[in-house]
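Working notes, beginning with the structure itself.
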Amino acid sequence: MELNFLDKVPHRTPEKHFDNFIDYIKDKKIVDLGCGSGDTMLYMKHKLNCKEIYGVDNTNRSDLNENIKRFNINVYKKNILDHDFTGSDTYFI
């Protein structure tokens, strides 16, 4: 499923700087700590081809990007200090 980022992602996070870290993202399991609305996770999953990504945020996010569910990205509502991160390759804060 192709995602047109220029039209669909609201660009609340500057994504291009992640391109510099592609060796740490591509084909890796990523955890986004404090993922907010999920825009960064979408970019990492579909532009940088991470193997798996999930987010952790301790707020009720009614503005989660609509594509989060569409692309099967899991977001856990909990304090990042209470989350078990074993098994992940890269963490993004």
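The values are calculated or read from the model by the stated rules, or taken from the named source; none is laboratory data. Note that the structure is predicted; figures quoted are calculated from it, not measured. Quick reminder, even Gly has a Cβ in these numbers, built from the backbone with ideal geometry, and neighbours come from all protein chains shown. Each accessible area value is taken on the protein alone, full model and side chains, heavy atoms only, with ligands, DNA and RNA left out. Shrake-Rupley method; radii C 1.70, N 1.55, O 1.52, S 1.80 Å.
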Pair list, Cβ under 6 Å, 6 or more apart: segment 22-36 residue farther than 11 Å from K51 by Cα, other residue part of a loop (DSSP other than H, G, I, E, B) and open to solvent by less than 10 Å² (accessible area, probe 1.4 Å): I22/L48
In this structure, does N72 turn out to be under 13 Å from the mean Cα position of the chain (by Cα) and at pLDDT below 85? yes
Looking only at segment 47-93, and only at residues there that are among the charged types (D, E, K, R) and in contact with a Gly (Cβ under 8 Å, 6 or more places away or on another chain), the one that is most open to solvent (accessible area, probe 1.4 Å): R61
Restricting to segment 16-43, and then to whatever is in contact with a Ser or Thr (Cβ under 9 Å, 6 or more places away or on another chain) and closer than 13 Å to S88 by Cβ, can you tell me which residue is most open to solvent (accessible area, probe 1.4 Å)? Y24
Which of the numbered conditions does F5 fail, given that it passes all the others? Conditions: (1) modelled with pLDDT under 85; (2) within 17 Å of F92 (Cα to Cα); (3) open to solvent by less than 70 Å² (accessible area, probe 1.4 Å); (4) touching a helix residue (DSSP H, G or I) at 6+ places or on another chain (Cβ under 9 Å). (2)
